[in-house]
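For reference, the structure is listed below as structure tokens.
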Amino acid sequence: MEEDIKVINLSFVNAFLVKIKGGFALIDTGLSRQWEKLEKILISEGCLPNKLKIVILTHGDGDHIGNAKKLGEKYKVKIAIHKADYNWLESGEIPKRKVKAGFMKVLLALFLLFRKNKADKNLFKADLFLKDNESLKKYGFDAKVIHTPGHSSGSVVILTKGKNLFAGDTLENRKKPKTAQIIENEDDLKNSLKKIKKLDIKMVYPGHGKPFLMMDLN
């Protein structure tokens, strides 16, 4: 059975609304300045406050967690993240990371400046800690969590029963499918990629860029 997945493009980052048993799951939330667009799409898809069962954050970067606080307050929904990135939500501080591509260095510098100026408005506490190989069936979502450190220590991907992988920033497709270009720990990222390649995956839904077939990842 094909899974019902709505790709929500929020400027340069994606969020994903998945229809699950009894409602919806939202994976990542975009930048805070995209709140009105995000909420408009949620409403148009029938995802009212009583229908949103869980918000899953693939990692702690501001372009993925920007609307989580408001969703928690307005939708009374549980916000979940891996414990290794939890302190990002409370302090707004993120670790130093290497950047592969030149244009990404500029993007990261601008993002960090924006985060420094805006973080205090969006700090919050998550409700749930995601664990490696954890089933999400208790929330009505037939999927499991896979811990994939590298881009950040607490990065996770979500693999559904339908063989769809929500990759956060562990994988991307800005121009072509590739692994993260902003890296906290390169060895961790290599090991995470090995773990991912052992999984039975059909389609990848990255945090940046269009969905792609797993077979297209070099």
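Here, each number is a calculation from the coordinates, and none is a lab measurement. A quick note: this is a predicted structure, and the numbers were derived from the prediction, not measured. FYI the Cβ positions are ideal-geometry reconstructions off the backbone, even for glycines, and counts take in every protein chain you see.
Assorted remarks:
- Cα point-scatterer Debye curve for the stretch 132-218, base-10 log of I(q)/I(0) at q = 0.12, 0.21, 0.23 Å⁻¹: -0.31, -0.96, -1.13
- GNM flexibility winner over the chain from ILE27, ILE41, ILE81 (Cα, springs under 10 Å): ILE41
- Summary of the geometry: the stretch 164-218 and the stretch 136-163, compared by the centres of their Cα atoms, lie 13 Å apart.
- Among ALA143, ALA68, ALA167, the residue with the largest mean-square fluctuation in a Gaussian network model of the chain, with springs joining Cα atoms closer than 10 Å, is ALA143.
- The overall shape of the stretch 20-84, judged from the alpha-carbon gyration tensor, is oblate: a/c is not under 1.5, and a/b is no greater than b/c.
- Bridge orientation summary for the chain: considering DSSP beta bridges with both residues in this region, about 60 percent are antiparallel.
- Highest-fluctuation residue, LEU171, LEU159, LEU199 considered, GNM on the chain with Cα pairs under 10 Å: LEU199
- Each Lys or Arg adds one and each Asp or Glu subtracts one; over the other residues with Cβ under 11 Å from the Cβ of TYR139, this totals +3.
- Karplus 3J(HN,Hα) series, Hz, for the stretch 32-46 with 6.51 cos²θ - 1.76 cosθ + 1.60 (x for Gly, Pro): 4, 6, 9, 4, 4, 5, 4, 5, 4, 5, 4, 5, 5, 8, x
- In a DSSP loop and with at most 11 other Cβ atoms within 10 Å, the trypsin sites (Lys or Arg not before Pro) in the stretch 56-99 are LYS76, LYS96.
- Inter-centroid distance (Cα atoms) of the stretch 23-44 relative to the stretch 76-91, Å: 17 Å
- Taking the C-alpha atoms of the chain, convex hull volume expressed per residue in Å³: 109 Å³
- Residues in the stretch 77-85 carry Karplus couplings, in order, of 9, 6, 9, 10, 8, 6, 4, 5, 10 Hz; the curve used is 6.51 cos²θ - 1.76 cosθ + 1.60 with θ = phi - 60°, and Gly or Pro positions show x.
- Sum of side-chain charges, ASP28 neighbourhood, beta-carbon under 12 Å (Lys, Arg +1; Asp, Glu -1): -3
- Summed side-chain charge close to VAL77 - residues other than VAL77 whose Cβ falls under 10 Å, Lys, Arg +1, Asp, Glu -1: +3
- Qualifying trypsin sites (Lys or Arg not before Pro) in the stretch 3-56, DSSP loop, other Cβ atoms within 10 Å at most 12: LYS21
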